[in-house]
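A short worksheet on the structure shown next.
The values are calculated or read from the model by the stated rules, or taken from the named source; none is laboratory data. The structure presented is a predicted model; accordingly, all values stated were derived computationally and were not measured. Here the Cβ positions follow ideal geometry from the backbone for every residue, glycine too, while neighbour counts run over all protein chains shown. Please note that ligands, DNA and RNA were not included when accessible areas were found on the heavy atoms of the full protein model with its side chains. Shrake-Rupley method; radii C 1.70, N 1.55, O 1.52, S 1.80 Å.
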2 protein chains.
Amino acid sequence: MNPILKSSLLIYFIGACDASGTDIALDAKATLLHRIDSLNLLIYTCLLTLTVLTIWVFKHRRVSWLHETGLAVIYGLIVGAIIRYGGSTNEVTYIDAHPAPDTKYNLSVPPDIVRFHFPDKIQISSGEAPIPNKTYAYSFRGEIVKVEQNEIDLKATFDPEIFFNIILPPIIFHAGYCLKRKYFFRNLGAILTFAMVGTALSALVIGALMYGCVQLMPASLASSFTFLDTLYFGALISPTDPLTVLAIFSQLKVDVNLYAMIFGESVLNDAVALVLSGAIQNYEKRYSSDGGFEITGFLGAIGDFIGIFSLSLLVGALMGCFTALMTKFTHVRDWPLLESALFVLMSYAAFLIAEVCELTGVVAVLFCGICQAHYTYNNLSADSRNRTKQLFELLNFLAENFIFTYIGVSMFTFPKHHFDPWFIIAGFLTSTLGRAVNIYPLSFLLNLGRKPPIPMNFQHMLFFSGLRGAMSFALAIRNTVSEARQAMLTTTSMIVIATVVLQGGAATHALAYLRIPTGEGQNDENEALPYRDVRSETPRGSTDGGSEKARLARLWGALDSRLLKPLLTHARPPLTETLPGFMRPVARLLTTTRQYTQSDNSLRRTDSDSDLCIDEPQPVPTSIDPQLSYNIRNGYGNV
Amino acid sequence: MNPILKSSLLIYFIGACDASGTDIALDAKATLLHRIDSLNLLIYTCLLTLTVLTIWVFKHRRVSWLHETGLAVIYGLIVGAIIRYGGSTNEVTYIDAHPAPDTKYNLSVPPDIVRFHFPDKIQISSGEAPIPNKTYAYSFRGEIVKVEQNEIDLKATFDPEIFFNIILPPIIFHAGYCLKRKYFFRNLGAILTFAMVGTALSALVIGALMYGCVQLMPASLASSFTFLDTLYFGALISPTDPLTVLAIFSQLKVDVNLYAMIFGESVLNDAVALVLSGAIQNYEKRYSSDGGFEITGFLGAIGDFIGIFSLSLLVGALMGCFTALMTKFTHVRDWPLLESALFVLMSYAAFLIAEVCELTGVVAVLFCGICQAHYTYNNLSADSRNRTKQLFELLNFLAENFIFTYIGVSMFTFPKHHFDPWFIIAGFLTSTLGRAVNIYPLSFLLNLGRKPPIPMNFQHMLFFSGLRGAMSFALAIRNTVSEARQAMLTTTSMIVIATVVLQGGAATHALAYLRIPTGEGQNDENEALPYRDVRSETPRGSTDGGSEKARLARLWGALDSRLLKPLLTHARPPLTETLPGFMRPVARLLTTTRQYTQSDNSLRRTDSDSDLCIDEPQPVPTSIDPQLSYNIRNGYGNV
């Protein structure tokens, strides 16, 4: 897929008046390229259609050993193999060029555009001579590292940046928007520990072990990996993507706290891994000249990590709160189309603002999603709630299946794979070990302070849920300039495929083997707790007893329910009741009539936690109404 | 906006291990380009947000003299001016290149990739020398026509092809999906005449008049326009986009037949103009070497037009019917998310298949939308109906406002504008004349055979509704290689802006001046006719008497209700009743249990014509519930 050639050719050549032989040939070529592009997209559209239809058959027949993502990967692999071994090659033509005589150029970087004067004195082996004296523009693509190995044949492949700019944002936003915040906050300590400390630890362990393994390999390979390379591999292979496992959890009604821990961790560790890998790359570029280790550079990288993560978080959260304010204080909710458009535009703006500020857009979009669900959702009209939920559900579904299809297809068609059996075996072993190091020691430490400790079989299930997915693949395919990076891409692809298909398929058996009770949690759930506001905080806290909230979380809860919720939404009690006396005038200004007049009852009904959490498996038994239960399923469950 | 440079730079350079001076500089450049891209997108996101908020204020204050598209254009113009006169320039660097010595190259087209060896012997004016002996890849962009005039400064601009591949398809699909088919088919004769014959006539008249005008202009300009150029201008300026007028119609409850004629014509003439302009370009390239007129070429172009139009129509209609069959005979409706995904994927596939076959994807998508609404919609689950309707409504809203914002911004920032006052004046005059030639003579001819003739004030209103919009602009900006094309782009942009803002704003006054009755049609509407199937066909036809159906339309109606509807949907009567006796076994196979069992009543309730036509203004009085009425408004009405 090469949109570059296509579009520019079309711009310049359609309707050119002097229809010479060259122009007609160029035009035919442009048309051909456009057709190839469309064909590539069509292949993926058909693959997704096929996946949708097969999922339907599976759901209809109640097959649960293969999730839609596993299916997408398998179809992708099959079609990739067909394209690779059945398709014809589209040759790319080259010419070597030197600067024209008497050229002056005073920059240290290569120019953006090369004006290539097509020569009339060139040696032609066929009879057809090019029209002489024409000048063509060529735009910069990148450095050619090995001149003999640059056969660029991009069949059914896309620019890797589209994953970060187009495919991942809706997936991540949807995860944030659907996060079951009640259980998320209840298990916040464990989730943060696994996602922040665990991911960093896992990256470090995998990086160190891989470096050791690489040193034992044949010298040719060993020399191409630096410690930073293997550390980067550790960072990219650490985030988990347990879609398949969660789908089965949802279906079998597994303990909601376990569900929250696995889902919450996987949402956050994507963000952590993305920023972590960025910090490693920055370290590589800024602080190190030989790929070795320097203490100032290391501290700089840690600073990068913390700074970028928290600033991105801030941008996302602020945009979410800003949307909440706009929907609270205007009556835009009277026009749901405008309201939905505003919601989508503001969420996308969070991504763009972070990117403009050289932060991480994906992280901003995650926290924007969480804030949109927590605050803005409460202000939206019923129509907009429904519309935004369904829109992002659909986008998420398509994006997710596209990326898994692409993982399958690219295994065969992406030209920059490098199969190295030793590296692949080492990758599998160390990524398993890295997951173990993430879960078991940290669970032990957490259990020291946790009232209901994480039982051993939950720990095993957490370990087992370490499937790798979209984020690992997107990070691996982003940069394939060196042989080391190409080996990483191949290994990552294979780990993703193996874990999604095999581990995902075995999840039901794992649950049974680990004797994790299923079909439970309904009693606990039927309480249908709304967000615990100040009035219900104290009694809940004591009767609940299920999980000890950390002090910080409690502080946050108080701030949220006394200040943020009343400020940003129509929730009760209004600010006039929660703020101290001297703030009364300001509080009155920031409270809407609706907030004064509505009853506590309607608040509970409209509070986001009771109706947004579409991954909540309880309200409707999944076996009764397939239509409703699929809504609940929502990509993280499986009927 | 230059995604080409950005993405490729990122791929090749992020994390390159040999962090030399050049690499760091390149990396900084890549980051800068990515930031500029994000900033451009952010500008448009903010503009759209601003438009949404202002529309809300307008709706709230009941301002109706400015439609959201007019607003988007005006905001675009303001921001475009700020960027143009306030922003800094990002210089593009050039170098001239010649082929390396001893290069062999045996093709008649320029190569795809130039491998540019960065020289170490180059004359450097500053002290910093580039790293020698590096080779960079440069990809083909196009021919440089005037070497001295190629300052490419693309601030806040996009590749024009995105309009045809990303922005227009959802707009056109939505138009087809929302077409009020009952009134569309009732006025089919007039709509087809205006859209097919009228657009061709208008293109021809405008083309001829413009050619005459151009000949009277200064010689420098006259020589740069061929007759084909002006004919192309005629084709691109002929399609109408009366969004603003229709919004006011919807608000004031103007006669539904007039509404159907204007909306139906504008939907179809976009498709006609697109294929027509394509045929003119093909003529230019294939049959003519001097831009003159040749009879074989002319016939060839007519053949192209008819062939491409009907084949594209066929592709779209077949994909629509195929989706209908899939949703009828599978139970995918039990899982609305899968069903919606299937619907979206199949509709997109129609676009891609047409593009792969070198047909017109936009035309295919239009007829796919019509078929999806006419057949598939009846099979969908309630959730999917809602979801697809809302999804495309939102996409349409965003795409439409984006394109109008872009028209405004590009007026200042697009570098290839050519202001020629004579051409602009001539453009305004001839495009008005072209609209008149489209409406008045054809109305006269139609009235000869029409039972209730089109009254004179309706004709004036049809003439007045000749606003130009998205399609004209997209066609004009597609190709700006010559000065003639640049003058066309400028003129088209100005005509679009003027008609949308001024004519759109004056629509209410025009209605009053022409004494077109408003607030009417409710009695007629309250019958709430479902699609007229075989049972109600004859009595309706006689009592209705409002508009005489053409024989062809009646034939189509019979085929549709006896064969297609029972085959493709769950509509009654089933095929077993409508097909002749010997076809009974086949008919039984193609009839679902639901079709046998459901009552006529439920059919009426679920038939698409009674609940899809969200532009139908009657069921809910617009003044009562703003939320509901906005749904009805749906971008073509205005509350």
Checklist outcome for this item: B:Leu462: passes all of (1) farther than 30 Å from B:Thr49 by Cβ; (2) surrounded by fewer than 18 Cβ atoms within 10 Å (Cβ to Cβ) but (2)
Checklist entry - So how many residues does segment A:205-225 have that are open to solvent by 40 Å² or more (accessible area, probe 1.4 Å), of a type outside the set (A, V, I, L, M, F, W, C) and under 23 Å from A:Ile302 (Cβ atoms)? => result 1
Checklist outcome for this item: Checking A:Ile95, A:Ile11 in turn, the sole residue that is facing chain B (nearest Cβ under 7 Å), assigned to a strand (DSSP E or B), open to solvent by less than 40 Å² (accessible area, probe 1.4 Å) and at pLDDT below 80 turns out to be A:Ile95
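Can you say whether A:Thr432 is open to solvent by less than 10 Å² (accessible area, probe 1.4 Å) and farther than 22 Å from A:Gly278 by Cβ, as far as the supplied structure shows?
no
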Checklist outcome for this item: The lone condition B:Leu53 fails out of (1) over 21 Å from B:Thr244 (Cβ atoms); (2) of a type outside the set (Phe, Trp, Tyr); (3) modelled with pLDDT of 70 or more is (1)
Item to check | Enumeration of residues in segment A:294-350 that are hydrophobic (A, V, I, L, M, F, W, C) and in contact (Cβ under 8 Å) with a residue 60 or more places away in the chain | outcome: A:Cys321, A:Ala324, A:Leu325, A:Phe329
Checklist outcome for this item: Log entry, pairs with first residue in segment B:222-242 being away from chain A (no Cβ under 12 Å), second being open to solvent by 10 Å² or more (accessible area, probe 1.4 Å) and among the acidic types (Asp, Glu), beta carbons closer than 6 Å, six or more apart or on different chains, reads B:Pro239/B:Asp270
Checklist entry - Among the residues of segment B:366-382, is any surrounded by fewer than 23 Cβ atoms within 10 Å (Cβ to Cβ), without any contact (Cβ under 8 Å) to a residue 60 or more places away in the chain and of a type in the set (A, V, I, L, M)? => result yes
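Yes/no per residue for (1) touching a Phe, Trp or Tyr at 6+ places or on another chain (Cβ under 8 Å); (2) closer than 27 Å to A:Leu575 by Cβ; (3) of a type in the set (Ser, Thr, Tyr):
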{"position": "A:Gly303", "(1), (2), (3)": "no, no, no"}
{"position": "A:Met319", "(1), (2), (3)": "no, yes, no"}
{"position": "A:Glu339", "(1), (2), (3)": "no, yes, no"}
{"position": "A:Ala354", "(1), (2), (3)": "no, no, no"}
{"position": "A:Val363", "(1), (2), (3)": "yes, no, no"}
{"position": "A:Gly369", "(1), (2), (3)": "yes, yes, no"}
{"position": "A:Ser384", "(1), (2), (3)": "yes, yes, yes"}
Next on the checklist: Which condition from (1) assigned to a helix (DSSP H, G or I); (2) under 29 Å from A:Gly198 (Cα atoms) is the one that A:Glu358 breaks?
Outcome noted: (1)
Next on the checklist: Condition (residue is buried (at least 23 other Cβ atoms within 10 Å of the Cβ), touching a Gly at 6+ places or on another chain (Cβ under 8 Å) and not aromatic (Phe, Trp, Tyr)) applied to segment A:274-296: is it met by at least one residue?
Outcome noted: yes
Checklist entry - Got a sec? Which of A:Pro453, A:Pro421 is within 21 Å of A:Ala484 (Cβ to Cβ) and open to solvent by 50 Å² or more (accessible area, probe 1.4 Å)? => result A:Pro421
Checklist entry - Which one is farthest from the chain's Cα centre (by Cα), of the residues in segment A:465-486 that are within 14 Å of chain B (Cβ to nearest Cβ) and open to solvent by less than 10 Å² (accessible area, probe 1.4 Å)? => result A:Ala484
Checklist entry - Do we find a residue being aliphatic (A, V, I, L, M), surrounded by 24 or more Cβ atoms within 10 Å (Cβ to Cβ), under 30 Å from A:Glu161 (Cβ atoms) and within 12 Å of chain B (Cβ to nearest Cβ) anywhere in segment A:316-325? => result yes
Checklist entry - Residues in segment A:236-250 that are more than 25 Å from A:Val205 (Cβ to Cβ) and within 13 Å of the chain's Cα centre (by Cα): how many? => result 0
Next on the checklist: Is it the case, given these coordinates, that A:Leu71 is crowded, with 21+ Cβ neighbours inside 10 Å and modelled with pLDDT of 80 or more?
Outcome noted: yes
Checklist entry - In segment B:466-480, what residues are over 13 Å from B:Phe414 (Cα atoms) and not in a helix (DSSP H, G or I)? => result B:Gly466, B:Leu467, B:Arg468, B:Gly469
Checklist outcome for this item: The correct count of residues that are out of contact with any Asp or Glu (no Cβ under 9 Å at 6 or more places or on another chain) and within 9 Å of chain A (Cβ to nearest Cβ) in segment B:339-355 is 11
